[in-house]
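Have a look at the structure below, then the notes.
The values are calculated or read from the model by the stated rules, or taken from the named source; none is laboratory data. Only a predicted model underlies this, so the values are computations on that prediction, with no experimental measurement involved. In this analysis, Cβ positions are derived from the backbone assuming ideal geometry, glycine residues included, and neighbour counts consider all displayed protein chains. Areas reflect the complete protein model, heavy atoms only, side chains present, ligands, DNA and RNA absent. Shrake-Rupley method; radii C 1.70, N 1.55, O 1.52, S 1.80 Å.
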Amino acid sequence: MPAPAPAVASTTGPQAEPRLSLQRQEIAADTTAIRSLDWDRSRFDIEFGLRNGTTYNSFLVRGERTALIDTSHLKFAGSWLPLLEEQIDPKAIDHLIVSHTEPDHSGLIGHLLELNPEIEIVASKVAIQFLEDQVHRPFRSRAVKSGEELDLGTNPESGVRHRFAFLSAPNLHWPDTIFSFDHGTGILYTCDAFGLHYCSEDLFDVDPGAIAPDFRFYYECLMGPNARSVLQAMKRMDALPEISTIAVGHGPLLRHHLSLWLDDYRSWSSERSAGETYVAVCYVSQYGFCDRLSQAIAHGIDKAGAQVQLVDLRATDTQELSALVGEAAAVVVPTWPAEPDADLQASVGTLLAALKPKQWVACYDAFGGNDQPIDTVAGQLRALGQKSAFEPLRIRQVPHTGDYQRCEEAGTDLGQLLTKARTIAAMKALDGDLDKALGRLSGGLYVVTARQGEGPDARSGAMVASWVSQASFDPPGITVAVAKDRAIEALMQVDDRFVLNILGEHNHQELLRHFLRRFPPGADRFAGVSTLDGMATGGPVLGDALAFLGCRVVQRLEGPDHWIIYAVVEQGNVADTQAHTAVHHRKVGNHY
Ligand SMILES: Cc1cc2nc3c(=O)[nH]c(=O)nc-3n(C[C@H](O)[C@H](O)[C@H](O)COP(=O)(O)O)c2cc1C
């Protein structure tokens, strides 16, 4: 046995930027967590902005035989493998359990196979197929699904028997995901599910208040669009004996407040799955940029309060595919390879045959390199006279942040088509007198602007707002109520900066007319408007604004249909000290 390493080993990589370090710690009998800490990672998947970096967690479990659960991101090759070798001779690892094949967890599988070509890879059937393409070398494998087990036997020192039960968890958030439950320690390894992008030395959820916003944000971006799949997986989890810890693949492990996190997942997913109407967002897993683009669209749909079902054309069987597509209110489809393999060809055939005349349909470029032309796909989708939900999303270069923003906004437009009737009904439901009384609340008139990133990664947004109020003196702070389906909402996360442009009494009509237009997805909302760039951090100052405040988001309070965003004011100036702010008087409370 190798000499024991210190309880926490922290090695900083050779480069000063970005900061990478490793952490190793025992978490239960015969069980070691090896966490790769990526302190500065600022982008992940879709347009998912990271504020607190992330971690990639792997685990070593020693019974009579030994299993490693997941590896790490390729960027940790120089430090993760040596740390693993300090723990164990890689040749002595019998099994590598692969929770799913996303590169941030599977990036070092090829390296591990070089060190130990005999290791048996235990994963879902789909994951093993994907890995064959990823590692380009033969390997021993065992495909597992719900109800199957892997027994590592009893550790001779601790006397604990490590017997793994597997649970299929497709779409959480990759099509090939499995959870593994160790009966010996009560630890459930879930990788992406229940995770969060949060990098700190805290191995466990010791401070739930600190991590709750990131836990929620992660759920919304990655799990919300798969809410039905979350509930299915949780049903399988309910049949397990008591879970002591959820060992996630990103962020701190969940142990001290387990029921809190589980209750959150259950209630958020139940809320999202109530009702029958949903959009089927199809994608071809691991083809071009399909995974991420489909997630951006799904996230946009979800923001509008409509339900989404992500459907992997490669991994969903014919019967299920036919049902998922046929029963959807709207169907979004990627371009598929011009020369698909026989299975994919069959899936595309099933998909087209399952479409119904009254559905909304739309398509997006997978940008896979050799796709069917998007107009051909659009034409095939509307063969029965289906309605177009949004213009085909053409992607002409490797997708950048702006493309993901466009996908998200197109998704929100589609979601709003489906929730329109519900929104109008809710507006009409207000009691008449109450409605009129509420309408006597008045506010100023403002345009919120935000801009992030540079060049092709730049994203920007603007919206007219009147639900704005000063909320603190010291430091000066304001609140803005932002509807959950606003495009600009994505740019108003904690620590993001934005500008509140205060409109003048005699000078606001033009600006209102401009910013209240309906903009197509991804449109530049500032074209044709005078802006003073560089005046404030966070967004353009409008040349015709009376005053501006440069703000930084500190907190977001979730209301039923709006986020109440509290921000501190860091900058400000007035163009005309004599002029008054435009005031917005209303008659009813069910409109702005
Ligand atoms: C007078 C007025 C005040 C508004 N105030 C707010 C507000 O405070 N919060 C909000 O989310 N939307 C508000 N809106 C709605 C948005 O400005 C507008 O619908 C939005 O820019 C379009 O949505 P999108 O940016 O998501 O495409 C207001 C609209 C009007 C006409």
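Okay, here's what the table says:
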quantity	calculated
Chain lengthening between Val398 and Ser469 when straightened (0.36 nm per residue, less Cα-Cα)	21.4 nm
Cα centroid separation - the range 294-333 against the range 386-402, whole Å	16
Under Karplus coefficients 6.51, -1.76 and 1.60, residue-wise ³J(HN,Hα) of the range 511-523 in Hz, glycine/proline x	5, 4, 4, 5, 7, 8, 5, 8, 8, x, x, x, 5
Protein accessible area in the range 40-120, 1.4 Å probe - carbon and sulfur %	49
Spin-label model distance (nm) - Ile424 vs Lys356, 7 Å beyond Cα toward Cβ	2.1
Prolate/oblate/rounded call for the range 543-592, Cα gyration tensor, a/c under 1.5 rounded	oblate
List Arg19, Arg272, Arg35, ordered by accessible area with a 1.4 Å probe, largest first	Arg19, Arg272, Arg35
Cβ-based charge dipole, the chain, positive-most Cα from Phe139, Ala547, Gly249	Ala547
Inter-part distance where the range 551-566 and the range 81-133 are each reduced to a Cα centre, Å	42
Among beta bridges that DSSP assigns inside the chain, antiparallel share in %, nearest 5	70
FRET efficiency for Ala212 and Glu86, using Cβ-Cβ distance with R0 set to 41 Å, rounded to 0.05	0.75
Within the chain, helix-based [θ] at 222 nm, where runs of 4 or more DSSP H residues each add -39,500 (n - 2.57), nearest 500	-8000 deg cm²/dmol
Anchor Lys428: aspartates and glutamates whose Cα lies under 18 Å away (excluding residues fewer than 8 positions away in-chain)	Asp561
Relative contact order (%) - criterion: Cα under 8 Å, at least six apart; region: the chain	9
Cα long-axis angle, helix 227-238 against the chain (0 to 90 degrees, to the nearest 10)	40
Among Ile69, Val160, Ala458 the positive-end extreme of the charge dipole of the chain (Cβ point charges)	Ala458
Overall form of the range 45-194 per C-alpha gyration tensor (a/c, 1.5; a/b vs b/c)	rounded
Sparse-neighbour loop sites [trypsin sites (Lys or Arg not before Pro); the range 481-588; at most 15 other C-beta within 10 Å; DSSP]	Arg517, Arg518, Lys587
Nearest-ten-degree value, helix 401-428 long axis tilted from longest Cα axis of the chain	60
About the Cα centre, charge dipole magnitude for the chain (Lys/Arg +1, Asp/Glu -1 at Cβ), debye	1680
Distant-in-sequence amide H partners of Ile27 (H built 1.01 Å from N, under 5 Å)	Thr32, Ala33
Charged-residue dipole, Cβ positions (Lys, Arg, Asp, Glu), the range 439-584 about Cα centre, Debye nearest 20	360
Dipole magnitude (debye, nearest 20) for the range 278-341, charges at Cβ of Lys, Arg, Asp, Glu	280
Shape of the range 20-271, Cα gyration tensor, a/c cut at 1.5	rounded
Those trypsin sites (Lys or Arg not before Pro) in the range 415-482 that DSSP places in a loop and that have at most 14 other beta carbons within 10 Å	Arg440
Percentage relative contact order, the range 275-422, counting C-alpha pairs under 8 Å, at least six apart	32
Cut-off under 5 Å, modelled amide H: who pairs with Leu310 long-range	Val281
Degrees, to the nearest 10: 208-218 long Cα axis against longest axis of the chain	80
Stretchable slack from Leu532 to Arg142, in nm (0.36 nm times residue separation minus alpha-carbon distance)	134.3 nm
